[in-house]
1. If you go through the stretch 27-58, how many residues are among the hydroxyl-bearing types (S, T, Y), assigned to a loop (DSSP other than H, G, I, E, B) and either modelled with pLDDT under 95 or surrounded by fewer than 14 Cβ atoms within 10 Å (Cβ to Cβ) (or both)?
2. Which residue pairs have Cβ atoms under 7 Å apart, sit 6 or more places apart or on different chains, and have a first residue in the stretch 81-96 that is among the polar types (S, T, N, Q) and a second that is at pLDDT 90 or above and assigned to a loop (DSSP other than H, G, I, E, B)?
3. Read through the list (1) farther than 30 Å from L145 by Cβ; (2) of a type outside the set (G, A, S); (3) crowded, with 21+ Cβ neighbours inside 10 Å, then give the number of the only condition that R238 fails.
4. On the given criteria, is L116 out of contact with any Leu (no Cβ under 8 Å at 6 or more places or on another chain) and surrounded by 17 or more Cβ atoms within 10 Å (Cβ to Cβ)?
5. Can you tell me which residue is farthest from V11 (Cα to Cα) among those in the stretch 59-79 that are part of a helix (DSSP H, G or I) and out of contact with any helix residue (DSSP H, G or I) (no Cβ under 7 Å at 6 or more places or on another chain)?
6. Can you name every residue in the stretch 112-129 that is of a type in the set (A, V, I, L, M) and over 14 Å from V79 (Cβ atoms)?
7. Is there a residue in the stretch 53-70 that is small (G, A, S), in contact with a Ser or Thr (Cβ under 7 Å, 6 or more places away or on another chain) and farther than 30 Å from E282 by Cβ?
Amino acid sequence: MDRFSPKLVTVFGGSGFVGTSVVQLLAARGYRIRVAVRRPDLAGPATMLGTVGQIVPIQANLRNAASVERAVAGADMVVNLVGLGIESGKQKFASVNTEGAATVARAAKAAGVKSLVHMSALGADTAAKVSAYARTKLEGENAVLAAFPEAIILRPSLIFGQGDGFFNLMGTLARMFPIMPLISGTSRFQPVYVGDVAEAIVKALDGTVQTGRVYELGGPEVETHQQLLERILREAGRKRPLLPLSNGIAGMFASILSFLPFKPLITSDQVALLGKDNVVSEAAISENRTLAAFGITPTSMDTILPSYMWRFRKHGQFDRDKVVA
């Protein structure tokens, strides 16, 4: 890149878990970055990832087309990382995962943006019949490609890394409760490292892969839900029995929790998702639509999880190097 005329990238959701990794990589490559978020006053830490003035927060809400248009005005490239996993208030699956994705794609096309990368979710197609989240993510993909045919869609599996949502939540539960609920223990997952996802996004912007395609991102290990929970217990140094729950019972408890005045640990929609395999498809492998297309060797959970899961051990950092059988 010409350091005297750096390109401008707008990253929707740039202050989140994946977003901060993407912004950091973009900054290291010399891009100018707009971090488009609903609350720019909370995006201060993201601005510290680059040089002075290189990263600028901007207010944008995917439910407000005018704010999205302002955020992409003058941008060379756009990345949309926004995805809603739990509905709340005006934040609905359809308004964010589908209509919001379409709004970004239309605004990017109208603004003359050269590259658009949209992050979806692995299983958006296979789980669409049982999950509103998956269905709206799939509809969002279709809307993006309809408005911006050259867009690149990325579908990651469970994403792990410092600050992730799944492994940290399960570690917290292992620390707090004497048992661990096990839902759909035989469902398979292929967790992928956040650093690999971020690198794939940046390489997609760089023109490394073919546009107008859907890429599926998974790590080197495929494990069942039960195996993942057992791995988490080992990393957390906890011995907890696993309590198998049928999808029906788990869904009933999730429905009850949805009426409580705080964010539920799990929703009935997420229970349905746990019942579906979440692995890279054979079609994606044969058509070179995986991390291999980006020249990325997937990072193992064995390499990353010990670097942060020690916090859930009984004595925290003092148990960090202990091996749990």
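1. Looking only at that region, the number is 1.
2. Here the result reads Q91/L84; S95/R63, each pair linking the stretch 81-96 to a residue that is at pLDDT 90 or above and assigned to a loop (DSSP other than H, G, I, E, B).
3. Just one mismatch for R238, condition (3).
4. In short, yes.
5. Out of the qualifying residues, it is A66.
6. A121, L122, A124, A127, A128
7. Yes, the stretch 53-70 contains at least one residue that is small (G, A, S), in contact with a Ser or Thr (Cβ under 7 Å, 6 or more places away or on another chain) and farther than 30 Å from E282 by Cβ.
Quick grid of which residues meet (1) out of contact with any Lys or Arg (no Cβ under 6 Å at 6 or more places or on another chain); (2) at pLDDT below 95; (3) within 30 Å of L26 (Cβ to Cβ):
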{"residue": "S184", "(1), (2), (3)": "yes, yes, no"}
{"residue": "E199", "(1), (2), (3)": "yes, no, yes"}
{"residue": "L217", "(1), (2), (3)": "yes, no, yes"}
{"residue": "P220", "(1), (2), (3)": "yes, no, yes"}
{"residue": "S246", "(1), (2), (3)": "yes, yes, no"}
{"residue": "F253", "(1), (2), (3)": "yes, yes, no"}
{"residue": "S286", "(1), (2), (3)": "yes, no, no"}
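The values are calculated or read from the model by the stated rules, or taken from the named source; none is laboratory data. Because the structure is a prediction, the values reported are computed rather than measured. Heads up, the Cβs are rebuilt from the backbone with ideal geometry, glycines too, and the neighbour counts pull from every protein chain shown.
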